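Take a look at the structure set out below.
Each value in this text was obtained by applying a stated rule to the coordinates, not by laboratory testing. Since we're looking at a predicted model, the values are computed, not measured. All Cβ positions, even for glycine, are placed from backbone atoms using ideal geometry, and neighbour counts span all protein chains on display.
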Amino acid sequence: MNNNENNPAAIEEKKRKSISEFLNISTATAPAFIIAAIALIFSMASVAGVIVSNVNTSEPMQIEEVKTLEPIHQHTWIPNVKSVHHDPEIKTVEHEAVWENMVSYHTVCNECNTEIDGIANQHIADTGHSGFTTNVPISKPVLVSDAWTEDVVVTEAYDETITDGSVCAECGETKAFVSPSEVH
């Protein structure tokens, strides 16, 4: 028996020579070619949906089927916006009556200071008072306008567009809105 036949290095060299002779390539490039071929087999098996396992030089290859996995879904989030209506803010304001003092000229009894415009002689006869004075300036409050109530618009009505979470454009899943102040 030849001593080279049991030597592992010699066995490997013999395999390389037989493969290289079969493929008609040099023994120097044969290992690279074999590695490339194995990589190609693995990639084709991966594309075909199978896994190649237990690959080594002493055991045969075993191929197991792989269940097709669903592709991982990447959410495409779009803002979920809605319009919120705000009624006007109205304040009720109560206005008091407006009075002004106005000066007018009158005939006044000298004893009781009663205005006796147009009835001076009658007043003296009825009361026995002794006299009167004409063109006496008297200041009296005069109503300029009555009291009233009015509604004053403090803030006009408006519609506001707010973001109320997000929704995935692909699957419809929703997620709540997190305001920047809530993020720590």
- Points 7 angstrom from Cα along the Cβ direction at LYS175 and SER104: gap in nanometres? 8.1
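Rounded to the nearest 0.05, what FRET efficiency do THR163 and VAL93 have when you use their Cβ-Cβ distance and R0 = 30 Å?
Values: r = 37 Å, r/R0 = 1.23.
Calculated value: 0.20.
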